[in-house]
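In what follows, a structure is listed as structure tokens, so that the remarks can point back to it.
Bear in mind these aren't lab numbers, they're just calculated from the coordinates by the rules spelled out. On a predicted model such as this, the values are computed, not experimentally measured, just so you know. Methodologically, a virtual Cβ is constructed for each residue, glycine included, from the backbone with ideal geometry; neighbour enumeration extends over all protein chains shown.
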2 protein chains.
Amino acid sequence: MKRKPSTEATSAWIRLMRVQSRVLDCVEQDLKKAGFPPLAWYDALLELSRAPSGELRPVELERQMLIPQYSTSRLIDRLVDEGLASRRECKIDKRGQFVEITEAGRELQKRMWGAYSAAIEKYVGSKLSDADAVKLSGLLDRLGCSCGEMKLPPVANVNESSPSR
Amino acid sequence: MKRKPSTEATSAWIRLMRVQSRVLDCVEQDLKKAGFPPLAWYDALLELSRAPSGELRPVELERQMLIPQYSTSRLIDRLVDEGLASRRECKIDKRGQFVEITEAGRELQKRMWGAYSAAIEKYVGSKLSDADAVKLSGLLDRLGCSCGEMKLPPVANVNESSPSR
DNA sequence: CCTCATTTGATGCAGCTGCATCAATCTTGA
DNA sequence: TCAAGATTGATGCAGCTGCATCAAATGAGG
């Protein structure tokens, strides 16, 4: 018989689910109300804007964002449709391609960060001291490493223009 | 100009998003691999099974589960289709109806709890001491109360057959 | 009693997700 | 060199979500 979780663990699980979806909803709503596209678009634009030459292979984007391949493929479709990115062929590997962020894409990413960061402050920052935020991060990390790895490169100028990852 | 979140808050936000989706994915996968329906079904069955007479108004279910009205309506459709619940007309309010859990529904809920609780233990319980789970719950609660209220009735016999809420 | 607002639940539509699969290309190794 | 396998990316299909809206019934006020 499998061991059962303690009430403490179960309670933490439930809160993790509920609070995350609540907070995420709030943030997404704020973005939407400000006339911006979903967070996933931001994440993709951020990754692209950070890439050395503003372009990435879809496979790279996929790995960075931790989303499935088909999801990446379609997200790129939408970004391209909106003129936020463009596809370029990859000379060295004809299977592949490069996705390059456009000027409009870079600009949208920056504008979104204004609303996004305000939302993070509103729904997270203002609720926790920095010390508590660190504690929360630490506890969450203990759960996260479970089902795969999570590379979290040195959090540098997060405040400047983007959440680090 | 709106205040910007600290790097600590931003980092906590990112981890909250990533860890939750990771852990939820893992749990859902375990359930699916065991041949069970999605967690939402379990939540609904649990609420129904807890109701005094095994039945609830859709509106009640909606409030308990914190999901939108149309979502409830369709979830009930699916439960009914699978014979896990049935709709009964509501004599006193002809707009409304009652949704009653069936024997099959009760049984599925119990069987799912076996797999569900094992998954919670595997992905949460085993990663945190009870004391840390309590700390995590506490920190999460500070975020949760932000965008609405969350009634969390006294967590009683969580272990017995269900996560409390 | 009658009208108007509210509550309850259903549904058409568009968009997104996951799954499975496909085609094209690249890589490996005999 | 060539066949088998791996990688890269796209896509058809089904299911779920959110939005807007609808119809039916109830309730509140005049």
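Identify all residues within the range A:124-143 that are surrounded by 15 or more Cβ atoms within 10 Å (Cβ to Cβ), in a loop (DSSP other than H, G, I, E, B) and not β-branched (Val, Ile, Thr); write none if there are none.
A:LEU128
Among the residues of the range B:17-36, which ones are surrounded by 15 or more Cβ atoms within 10 Å (Cβ to Cβ) and touching a residue at least 24 places away in the same chain (Cβ under 8 Å)?
B:VAL23, B:CYS26, B:VAL27, B:ASP30, B:LEU31, B:PHE36
Given the conditions (1) surrounded by fewer than 17 Cβ atoms within 10 Å (Cβ to Cβ); (2) facing another protein chain (nearest Cβ under 7 Å), and given that A:ARG63 satisfies all but one, which numbered condition is not satisfied?
The number of the failed condition is (2).
Spot the failing condition for B:PRO52; the list is (1) under 14 Å from the mean Cα position of the chain (by Cα); (2) away from DNA strand C (no atom under 11 Å from the Cβ), and only one is missed.
Failed condition: (1).
Which numbered condition trips up B:LEU61, out of (1) in a helix (DSSP H, G or I); (2) without any contact (Cβ under 8 Å) to a residue 24 or more places away in the chain?
Unmet condition: (2).
Here is a yes/no grid of residues against (1) part of a strand (DSSP E or B); (2) in contact with a helix residue (DSSP H, G or I) (Cβ under 6 Å, 6 or more places away or on another chain); (3) more than 13 Å from A:LEU48 (Cβ to Cβ):
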position	(1), (2), (3)
A:ARG74	no, no, yes
A:ARG78	no, no, yes
A:GLY83	no, yes, yes
A:LYS94	no, no, yes
A:PHE98	yes, no, no
A:ARG106	no, yes, no
A:ARG111	no, no, yes
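For the condition within 13 Å of chain A (Cβ to nearest Cβ) and over 24 Å from A:GLY125 (Cβ atoms), what is the one hit in B:ALA51, B:ALA44, B:ALA34, B:ALA9?
Details: B:ALA51 fails: within 13 Å of chain A (Cβ to nearest Cβ); B:ALA44 fails: within 13 Å of chain A (Cβ to nearest Cβ); B:ALA9 fails: over 24 Å from A:GLY125 (Cβ atoms).
Of the residues listed, the single one that is within 13 Å of chain A (Cβ to nearest Cβ) and over 24 Å from A:GLY125 (Cβ atoms) is B:ALA34.
Which one of A:VAL99, A:VAL124, A:VAL80 is of a type in the set (A, V, I, L, M, F, W, C) and within 14 Å of another protein chain (Cβ to nearest Cβ)? Let's see the steps before the verdict.
Values: A:VAL99 fails: within 14 Å of another protein chain (Cβ to nearest Cβ); A:VAL80 fails: within 14 Å of another protein chain (Cβ to nearest Cβ).
None of the others qualify; the one that does is A:VAL124.
If a residue has to be away from DNA strand C (no atom under 11 Å from the Cβ) and surrounded by fewer than 15 Cβ atoms within 10 Å (Cβ to Cβ) to count, how many in the range B:67-91 make the cut?
The qualifying residues number 4.
Before we move on, is B:GLY144 away from DNA strand D (no atom under 16 Å from the Cβ) and either over 25 Å from B:GLN29 (Cα atoms) or out of contact with any helix residue (DSSP H, G or I) (no Cβ under 7 Å at 6 or more places or on another chain) (or both)? Give the derivation first.
Details: away from DNA strand D (no atom under 16 Å from the Cβ): yes; either over 25 Å from B:GLN29 (Cα atoms) or out of contact with any helix residue (DSSP H, G or I) (no Cβ under 7 Å at 6 or more places or on another chain) (or both): yes.
Criteria met by B:GLY144.
Confirm whether A:SER49 is near DNA strand D (Cβ under 10 Å from one of its atoms), more than 21 Å from A:ARG95 (Cβ to Cβ) and not in a loop (DSSP other than H, G, I, E, B). Spell out the reasoning first.
Values: near DNA strand D (Cβ under 10 Å from one of its atoms): no; more than 21 Å from A:ARG95 (Cβ to Cβ): yes; not in a loop (DSSP other than H, G, I, E, B): yes.
Considered against the rule, which asks whether it is near DNA strand D (Cβ under 10 Å from one of its atoms), more than 21 Å from A:ARG95 (Cβ to Cβ) and not in a loop (DSSP other than H, G, I, E, B), A:SER49 comes out as no.
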